[in-house]
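**Q** Quick one: the structure is below, and I'll ask about it shortly.
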Amino acid sequence: MLLDKSEKIAVDSRTPKYLQVVNLILEDIEKGKLKIGDRIPSINETSFDFLLSRDTVEKAYNELRDRGIISSVRGKGFYISSTHMGHKVKVLLLFNKLSSYKKIIYYSIIETLGADATVDLQIHHYNRNLLEDLLESNIGNYNYYVLAPHFFNSLGHPETAYDLITRIPKDKLLIIDRAVKDHENEFPGVYQDFSKDIFEVLESGISHLRKYSRLILVFPKGELYPVEIMDGFKRFCFFHDFKNLIVDGVDDDEQLDMGDCHIVLAETDLVNIVKKSREQMFKLGRDIGIISYNDTPLKEILADGITTISTDFQKMGKTIAEQILGIEDRIPIKNQFRMTMRKSL
């Protein structure tokens, strides 16, 4: 049975062409034009009829086969094996950790995908060996793999784990939270550019920062934060001539210096600085400044409001889900990063 050639593949549609082919076949099943046992055109025939590349059609047929809609018979072609439209897309999330922010991403993905997908979550804890075990156990079991490619070697230095990442079929892989170093444009997904983000967001608040005599980045050692944050901070201070310091924590017996503005990654350091400012009777936003990484509702009300710099985690999860659904183009997308100005600056 031939597909209806009157149906056009929209070149300018946001839906990928292979998903348009998938949807055409699903629509014919829904309308009763295709039934179980019916043969559908070969990859070459569909490629010719719709002026598509063979790879595009093959990708569409693989998607239908993964959903259990079609099956192939060697030497004979492709046949409808199920008309059950409720087959769910299976998604595996491979996160580096389960923080409060990763939970926001997780629930945003779940909400956006809705009832048409099942989502499983595994944590690789920044460990490439654990990732390798997870891939060996799960490759071939899911329609899509969403990977947060944060990895460190035994010396604590960042690494890409590119050799492991490429074991995941390219048409089923989406990266999240960070790009794969030196392969930034190779994989679709949603990422933060940690160096560029902090540079640009500090520039957006430079008029407020100028009233402080020194900028201090509190970057905890051993906590596996992206080192690109330090790089972006150093570049900003160099280009805009700010005195600066990078420390790995705030000691209990250490006094704060008036005129410093602290950029803080860890919540424990944020709490220590707020406590010390109260003990030393410093007014936030006048005597000292505080900028905290990653926004939370608590920071909005703590000490009349803590200024934050943060990506939009809910938007990140929504965009990944829309890429899975074919609503959003499957390309590398930089997630929004912004400063939320409050009284602490």
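The values are calculated or read from the model by the stated rules, or taken from the named source; none is laboratory data. As the structure is a computational prediction, the values presented were derived from the model and not from experiment. Please note: Cβ atoms are built from the backbone with ideal geometry, for glycine as well, and neighbour counts cover all protein chains shown. With ligands, DNA and RNA removed, areas are computed over all heavy atoms of the protein, side chains included. Shrake-Rupley method; radii C 1.70, N 1.55, O 1.52, S 1.80 Å.
**Q** Run the accessible area of segment 151-293 with a 1.4 Å probe and give the carbon-and-sulfur part as a rounded percent.
**A** Details: 3520 of 7090 Å².
Here carbon and sulfur together make up 50 percent of the probe-accessible area.
**Q** Can you match P(r) over Cα pairs in 20 Å bins from 0, in percent to one of these, (i) 28, 54, 17, 0; (ii) 31, 60, 9, 0; (iii) 27, 45, 22, 6, 0, based on a calculation from the structure here?
**A** Checking each listed value against the structure points to (iii).
**Q** How high is the FRET efficiency from Thr296 to Asp241, r the C-beta distance, R0 45 Å, rounded to 0.05?
**A** Working: r = 32 Å, r/R0 = 0.72.
Efficiency computed from Cβ-Cβ geometry: 0.90.
**Q** Taking all protein chains together and a probe of 1.4 Å, list Asp193, Asp177 from the most accessible to the least accessible. Intermediate results must be reported in sequence, preceding the final value.
**A** Details: Asp193 55, Asp177 10 Å².
Most to least solvent-accessible, the answer reads Asp193, Asp177.
**Q** If you don't mind, there's one more thing I want to ask. Give me the angle, in degrees from 0 to 90, between the Cα long axis of helix 17-30 and the longest principal axis of the Cα atoms of the chain, rounded to the nearest 10.
**A** 50 degrees
**Q** So, one more: Give the shape of segment 171-256 as rounded, prolate or oblate, defined through the alpha-carbon gyration tensor: a ≥ b ≥ c are the square roots of its eigenvalues, a/c under 1.5 means rounded, and otherwise the shape is prolate if a/b is larger than b/c and oblate if not. If you can, show how the numbers build up before the last one.
**A** Working: a/c = 3.12, a/b = 1.71, b/c = 1.82.
It is oblate, given that a/c is not under 1.5 and a/b is not larger than b/c.
**Q** So what is the calculated 222 nm ellipticity per residue for the chain, using -39500 (n - 2.57) for each DSSP H run with n of 4 or more, over all residues, to the nearest 500 deg cm²/dmol? Provide the component values of the computation, followed by the final result.
**A** Details: 12 runs with 121 residues, N = 345.
Theoretical 222 nm ellipticity from helices: -10500 deg cm²/dmol.
**Q** Scattering from the C-alpha atoms of segment 248-293 alone, worked out with Debye: what is log10 I(q)/I(0) at q = 0.29 1/Å?
**A** For segment 248-293, the Cα-only Debye profile gives -1.21.
**Q** Can you tell me, using C-alpha contacts under 8 Å and at least 6 residues apart, the relative contact order of the chain as a whole percent?
**A** 16 percent
**Q** With loop defined by DSSP as not H, G, I, E or B, and exposure as at most 12 other Cβ atoms within 10 Å, which is the longest segment of the chain clear of exposed GluC sites (Glu not before Pro)? Mind showing how you got there, number by number?
**A** Working: sites that count: Glu223, Glu254.
Counting at most 12 other Cβ atoms within 10 Å as exposed, the longest clean stretch of the chain is 1-222.
**Q** Under unit Cβ charges (Lys, Arg +1; Asp, Glu -1), what dipole magnitude, rounded to 20 debye, does the chain have relative to its Cα centre?
**A** Working: 46 positive and 52 negative charges, 135 e Å.
Roughly 640 debye for the chain.
**Q** Please report the equivalent ellipsoid semi-axes of segment 95-210, computed as sqrt(5 x eigenvalue) of the Cα gyration tensor, largest first, in whole Å.
**A** Values: eigenvalues 148, 73, 37 Å².
They are 27, 19, 14 Å, listed largest first.
**Q** Over what distance in Å are the Cα centres of segment 26-44 and segment 129-169 separated?
**A** 37 Å
**Q** Of Lys102/Lys318; Lys102/Lys315; Lys90/Lys170; Lys211/Lys343; Lys181/Lys243, which pairs sit farther than 18 Å apart, going by alpha carbon to alpha carbon?
**A** Going by Cα-Cα distance, Lys181/Lys243 fall outside the 18 Å limit.
**Q** Something else about it: Relative to the first principal axis of the alpha-carbon coordinates of the chain, what is the inclination of helix 54-66, with its axis defined by its Cα atoms, in degrees from 0 to 90 and to the nearest 10?
**A** 90 degrees
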